[in-house]
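Novice: One structure, as structure tokens, below. Some questions next.
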Amino acid sequence: MRKTPDAVFLDRDGTLMEDAHYIKSPKQVRLLPGAAAAVRRINDARVPAIVVTNQSGIARGIFTVDAYEAVRNHFESLLKAEGAHIDASYYCPQHPNVTGPNSCRKPATRMFEDAIRDFKLNPTNVAYIGDRWRDVVASKSLGGRGIMISSPMTTAEDRRRAQEDGLETAASISEAIQLLFDLTDSDKSA
């Protein structure tokens with residue numbers, strides 16, 4: 001029997017909105033089909049929906065922190081218009097080619113550890129959803145459940161690594177949310 005997760009960690013670009021490579025303007029924000037409904041399902045379960053995203057465009061000088069915040073605000077306003085909300089967003093502005101080694105850029109776990117601390121979560125009962133291996137592999141070291149979804153950015157290497165690591169896969173954000181909540185809902189009624 002699976003329990004309802006204490007929180008769902010969500011990648012942003014390629015998972016909830018189109019990945020347009022270095023999104024620096026609110027005009028580039030496009031929610032993916034089913035993204036708002038998926039977040040709303042998390043919200044309806046009274047589970048924190050937490051975005052964890054790499055934003056190396058800041059370190060690379062492609063966009064500023066202010067531009068990132070403008071994109072985040074617009075993204076969240078589009079979700080809000082569809083009755084969904086994000087409880088918190090964590091981002092890593094670094095890239096090892098520019099800033100050197102760091103502990104925040106996924107697949108590193110610092111952003112997840114910060115959220116686990118901030119929300120006082122049980123790390124063995126959280127879920128990680130993203131379209132790349134690096135978005136969900138923290139589940140192997142921190143605990144919890146990793147589900148990698150398919151997107152145009154999901155590489156054959158990501159799929160191979162996910163399979164080798166025994167991570168779950170889903171065709172979309174909608175399917176991943178069904179895996180998380182439909183099983184727990186049916187367990188509750190059994």
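Novice: List every residue pair whose Cβ atoms lie under 8 Å apart, where the two residues are 6 or more positions apart in sequence or sit on different chains, the first residue falls within region 20-37 and is in contact (Cβ under 8 Å) with a residue 60 or more places away in the chain, and the second residue, located anywhere, is of a type in the set (Asp, Glu).
Specialist: Filtered contacts from region 20-37: LEU32/GLU18; ALA37/GLU82.
Novice: Right, next: Just to be sure I understand the filter: pairs with C-beta atoms under 8 Å, separated by 6 or more residues or on different chains, first member in region 134-162 and touching a residue at least 24 places away in the same chain (Cβ under 8 Å) and of a type in the set (Gly, Ala, Ser), second member surrounded by fewer than 18 Cβ atoms within 10 Å (Cβ to Cβ) and in a helix (DSSP H, G or I). Which pairs pass?
Specialist: From region 134-162, the pairs are GLY144/THR124; GLY144/ASN125.
Novice: I would also like to ask the following. Within region 61-80, can one find any residue that is of a type in the set (Lys, Arg) and assigned to a loop (DSSP other than H, G, I, E, B)?
Specialist: Going through region 61-80, the residues of a type in the set (Lys, Arg) turn out to be 72, 80.
Narrowing further to those that are assigned to a loop (DSSP other than H, G, I, E, B): none.
No - not one qualifying residue is present in region 61-80.
Novice: Would you check if there is a residue in region 96-110 being free of Cβ contacts under 8 Å to residues at least 60 places away in the same chain, farther than 25 Å from PHE63 by Cβ and among the charged types (D, E, K, R)?
Specialist: no
Novice: Are any residues in region 1-30 surrounded by fewer than 18 Cβ atoms within 10 Å (Cβ to Cβ), under 21 Å from TRP133 (Cα atoms) and among the hydrophobic types (A, V, I, L, M, F, W, C), and if so, which ones?
Specialist: Residue satisfying the conditions is ALA20 alone.
Novice: Considering (1) surrounded by 15 or more Cβ atoms within 10 Å (Cβ to Cβ); (2) over 22 Å from THR4 (Cβ atoms); (3) among the small types (Gly, Ala, Ser), say which one SER141 fails and leave the rest.
Specialist: Answer for SER141: the failing condition is (1).
Novice: Pick from region 18-49 the residues that are among the charged types (D, E, K, R) and assigned to a helix (DSSP H, G or I): which of them is nearest to ALA84 (Cα to Cα)? It would help to see each step written out before you state the result.
Specialist: Of region 18-49, the ones among the charged types (D, E, K, R) are 18-19, 24, 27, 30, 40-41, 44, 46.
The next check asks that each one be assigned to a helix (DSSP H, G or I); those that pass are 27, 40-41, 44.
Values: LYS27: 20, ARG40: 4, ARG41: 8, ASP44: 9 Å.
Checked region 18-49; the qualifying residue nearest to ALA84 (Cα to Cα) is ARG40.
Yes/no matrix, rows are residues, columns are (1) farther than 13 Å from GLY14 by Cβ; (2) in a loop (DSSP other than H, G, I, E, B); (3) over 12 Å from the mean Cα position of the chain (by Cα); (4) β-branched (Val, Ile, Thr):
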{"site": "ILE116", "(1), (2), (3), (4)": "yes, no, yes, yes"}
{"site": "ASP135", "(1), (2), (3), (4)": "no, no, no, no"}
{"site": "GLY146", "(1), (2), (3), (4)": "yes, no, no, no"}
{"site": "PRO152", "(1), (2), (3), (4)": "no, yes, yes, no"}
{"site": "ARG161", "(1), (2), (3), (4)": "yes, no, yes, no"}
{"site": "GLU175", "(1), (2), (3), (4)": "yes, no, yes, no"}
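Novice: How many residues does region 144-184 hold that are touching a strand residue (DSSP E or B) at 6+ places or on another chain (Cβ under 8 Å), surrounded by 18 or more Cβ atoms within 10 Å (Cβ to Cβ) and polar (S, T, N, Q)?
Specialist: Total meeting the criteria: 3.
Novice: Of these, GLU76, GLU82, GLU175, GLU113, which one is modelled with pLDDT of 95 or more, more than 26 Å from ALA37 (Cα to Cα) and of a type outside the set (Ser, Thr, Tyr)? Talk me through it step by step, then tell me what you get.
Specialist: Numbers: GLU76 fails: more than 26 Å from ALA37 (Cα to Cα); GLU82 fails: more than 26 Å from ALA37 (Cα to Cα); GLU175 fails: more than 26 Å from ALA37 (Cα to Cα).
Unique residue meeting the criteria: GLU113.
Novice: Does ILE42 qualify as being in contact with a Phe, Trp or Tyr (Cβ under 9 Å, 6 or more places away or on another chain) and surrounded by fewer than 19 Cβ atoms within 10 Å (Cβ to Cβ)?
Specialist: Judged against the criteria, ILE42 is not a match.
Novice: When you check LYS106 against the structure, is it modelled with pLDDT of 95 or more, of a type in the set (Lys, Arg) and out of contact with any Leu (no Cβ under 8 Å at 6 or more places or on another chain), yes or no? First the steps, then the outcome.
Specialist: On the way: modelled with pLDDT of 95 or more: yes; of a type in the set (Lys, Arg): yes; out of contact with any Leu (no Cβ under 8 Å at 6 or more places or on another chain): yes.
Answer is yes for this residue.
Novice: Next question, about the same structure. Exactly one condition in (1) buried (at least 20 other Cβ atoms within 10 Å of the Cβ); (2) under 23 Å from PRO107 (Cβ atoms) is not met by SER56; state its number.
Specialist: (1)
Novice: Quick one: in region 71-87, which of the residues that are within 20 Å of LYS24 (Cα to Cα) and surrounded by 14 or more Cβ atoms within 10 Å (Cβ to Cβ) is nearest to the chain's Cα centre (by Cα)? Break it down stepwise before answering.
Specialist: Pass one, region 71-87, residues within 20 Å of LYS24 (Cα to Cα): 71-79, 86.
With the extra rule that they be surrounded by 14 or more Cβ atoms within 10 Å (Cβ to Cβ), the set shrinks to 71-72, 74-76, 78-79, 86.
Details: VAL71: 16, ARG72: 13, HIS74: 17, PHE75: 14, GLU76: 14, LEU78: 17, LEU79: 15, ILE86: 11 Å.
This residue is ILE86.
The values are calculated or read from the model by the stated rules, or taken from the named source; none is laboratory data. Worth saying up front: this structure is predicted, and the values here are computed from it rather than measured. Heads up, the Cβs are rebuilt from the backbone with ideal geometry, glycines too, and the neighbour counts pull from every protein chain shown.
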